[in-house]
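K.L.:
Sharing a structure, written as structure tokens. Questions coming.
The values are calculated or read from the model by the stated rules, or taken from the named source; none is laboratory data. None of these values were measured; they are calculated from a predicted model. Neighbour counts are summed over all protein chains in view; Cβ atoms, including those assigned to glycine, are modelled from backbone coordinates with ideal geometry.
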Amino acid sequence: MSNKTSSLNSVPSLWIITEGLKGTENQCLGVAEMLGLNPIIKKVMLRQPWKLLSPYLGFETDRTFLTDSKESIASPYPDILITGGRKAIAASRYIKKKSLGKTFTLHILDPRISPKHFDLVAIPEHDKTRGENVILTKATPNRISVRTLQEGRQKFPEFGQLDSPRIAVLIGGNSKAYQFDKETAQTLIARLKTLQQTHNASLMITMSRRTPKDIAHMIRTSLGGDKSYIWDEVSENPYFGFLAWADMIIATSDSTSMLSEACTTGKPTYMIPLKEISPARRIKNLQDNLIKHGGLRVFDGTLEAWHYTPLNDAQLVANELKKRLPDYF
């Protein structure tokens, strides 16, 4: 049954609300792009005690949110709301109430509360939440698609001039669960140098804000040269260009987003295991699922080409939303 608020066959309005984390925002954007809609993107900030107790406290009011005019979540409310992340749940419940139930709410990632608070919930299949309005994804929805990869090729044609095999190296860093230590970095650098020598491989390297500065320096000084392109973090982000032109992808184990995006390309993807410093059950379950799916292998310094069915989680979620809103789609 549709929750539509606009006239029949009109283009629905869409908001995306997250805590502002780029990885979470991209998951929501991936679904919006598969719907063919241009969303208004907002970042939510919470006052206490909601900031501390979200999503369990509830009872959201207009005093729950710290907003400016750009980030306002006042009416008119959208036809569709996509939220991601723990703090955005408060905004979803508030807008659902204030719109008198007319806004269709989709939450991405496990909300850790009953899915009945939303019209639709999309979570990776390794999480436990289940319900009639819960759709399971293999990994996390993302923005990788035929279109974004084509745009990546068009924007960065220079990567096509690099010698093949072209390897995209996606480097994350320290997190609650993982530590990127010097020993791991030294092993990675040595293995990548060997691939350059034995396979004439070209490297396209991007690093994260979470990459320790000393390790980033090691990578730049050890792997820089004619056979490498290392993003300077100043020029336009070449991430889509890397994925588009890569023959193979290597990514660190800390980022569910990078692993999911890499396996959505359909290209052989290797994982660099980082040092685990605290239990990372959810991330490890996702990694195991990608390995079982056939898209992911652990990087041991060797290269091998293989084929598997690319992930299509954003399309899967978009298709389910379209089923539930037939008047719009």
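K.L.:
Mind listing whichever residues of the range 272-326 are in contact with a Pro (Cβ under 9 Å, 6 or more places away or on another chain) and among the charged types (D, E, K, R)?
P.N.:
Selection gives 282, 297, 304, 313.
K.L.:
Restrict the check to the range 47-64 and report whether at least one residue is among the β-branched types (Val, Ile, Thr) and either touching a Phe, Trp or Tyr at 6+ places or on another chain (Cβ under 7 Å) or outside the structural domain of residue 113 (by TED's automatic domain parsing) (or both).
P.N.:
Within the range 47-64 (the criterion being among the β-branched types (Val, Ile, Thr) and either touching a Phe, Trp or Tyr at 6+ places or on another chain (Cβ under 7 Å) or outside the structural domain of residue 113 (by TED's automatic domain parsing) (or both)), the answer is yes, since at least one residue qualifies.
K.L.:
Between a first residue in the range 289-313 that is of a type in the set (Phe, Trp, Tyr) and a second residue that is in a strand (DSSP E or B), which pairs have beta carbons less than 7 Å apart while being 6 or more apart in sequence or on different chains?
P.N.:
Partner pairs satisfying both residue conditions: 299/250; 299/270; 299/271; 299/272.
K.L.:
Further question on the same structure: Which of the residues belonging to the range 88-109 are part of a loop (DSSP other than H, G, I, E, B) and touching a residue at least 24 places away in the same chain (Cβ under 8 Å)? Steps first, answer last, please.
P.N.:
So the first thing to find is which residues in the range 88-109 are part of a loop (DSSP other than H, G, I, E, B), and the list is 99-103, 109.
Residues satisfying the conditions are 99, 101, 102, 103, 109.
K.L.:
Further question: Go through (1) under 15 Å from residue 25 (Cα atoms); (2) touching a Phe, Trp or Tyr at 6+ places or on another chain (Cβ under 9 Å); (3) not polar (S, T, N, Q) and name the single condition residue 85 misses.
P.N.:
With respect to (1) under 15 Å from residue 25 (Cα atoms); (2) touching a Phe, Trp or Tyr at 6+ places or on another chain (Cβ under 9 Å); (3) not polar (S, T, N, Q), residue 85 is out only on (2).
K.L.:
Something else now. Would you point out which residue out of 280, 262 is at pLDDT below 95 and either surrounded by fewer than 24 Cβ atoms within 10 Å (Cβ to Cβ) or assigned by TED's automatic domain parsing to the domain that holds residue 212 (or both)?
P.N.:
Details: 262 fails: at pLDDT below 95.
Going through 280, 262 in turn, the sole match is 280.
One line per residue, one yes/no per condition, for (1) acidic (Asp, Glu); (2) under 17 Å from residue 28 (Cα atoms); (3) in contact with a helix residue (DSSP H, G or I) (Cβ under 8 Å, 6 or more places away or on another chain):
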| position | (1), (2), (3) |
| --- | --- |
| 120 | no, yes, yes |
| 141 | no, yes, yes |
| 151 | yes, no, yes |
| 168 | no, no, yes |
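K.L.:
I've got another one for you. Look through the range 35-76, keep the residues that are of a type in the set (Gly, Ala, Ser) and at pLDDT below 85, and return whichever of them is surrounded by the fewest Cβ atoms within 10 Å (Cβ to Cβ). Reasoning before the result, please.
P.N.:
Filtering the range 35-76 down to residues of a type in the set (Gly, Ala, Ser) leaves 36, 54, 58, 69, 72, 74-75.
Those still in the list that are at pLDDT below 85 too: 54, 58, 69, 72.
On the way: 54: 24, 58: 15, 69: 6, 72: 10.
Filtering first and then ranking leaves 69.
K.L.:
Pick out the one residue from 144, 135 that is hydrophobic (A, V, I, L, M, F, W, C), out of contact with any strand residue (DSSP E or B) (no Cβ under 6 Å at 6 or more places or on another chain) and at pLDDT 95 or above.
P.N.:
Details: 135 fails: out of contact with any strand residue (DSSP E or B) (no Cβ under 6 Å at 6 or more places or on another chain).
The conditions single out 144.
K.L.:
Of all residues in the range 122-157 being under 24 Å from residue 94 (Cα atoms) and touching an Asp or Glu at 6+ places or on another chain (Cβ under 6 Å), which is surrounded by the fewest Cβ atoms within 10 Å (Cβ to Cβ)? Full working, then the answer.
P.N.:
Going residue by residue through the range 122-157, those that are under 24 Å from residue 94 (Cα atoms) are 122-123, 129-135.
Remaining after also requiring touching an Asp or Glu at 6+ places or on another chain (Cβ under 6 Å): 123, 129, 135.
Numbers: 123: 21, 129: 15, 135: 18.
It comes out as 129.
K.L.:
What residue, of 181, 119, is surrounded by 19 or more Cβ atoms within 10 Å (Cβ to Cβ) and among the acidic types (Asp, Glu)?
P.N.:
Working: 181 fails: surrounded by 19 or more Cβ atoms within 10 Å (Cβ to Cβ).
Just one listed residue meets the conditions, 119.
The rows are residues; the columns are (1) of a type in the set (S, T, N, Q); (2) touching a Phe, Trp or Tyr at 6+ places or on another chain (Cβ under 6 Å).
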{"position": "131", "(1), (2)": "no, no"}
{"position": "136", "(1), (2)": "no, no"}
{"position": "140", "(1), (2)": "yes, no"}
{"position": "146", "(1), (2)": "no, no"}
{"position": "155", "(1), (2)": "no, no"}
{"position": "160", "(1), (2)": "no, yes"}
{"position": "188", "(1), (2)": "no, no"}
{"position": "194", "(1), (2)": "yes, no"}
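K.L.:
Could you pull out the residue among 215, 167 that is buried (at least 23 other Cβ atoms within 10 Å of the Cβ) and more than 16 Å from the chain's Cα centre (by Cα)? Step through it out loud before you land on a result.
P.N.:
Working: 215 fails: buried (at least 23 other Cβ atoms within 10 Å of the Cβ).
Answer to the check: 167.
K.L.:
Among the residues of the range 231-267, which ones are farther than 12 Å from residue 143 by Cα and among the β-branched types (Val, Ile, Thr)?
P.N.:
The answer is 234, 249, 250, 252, 256.
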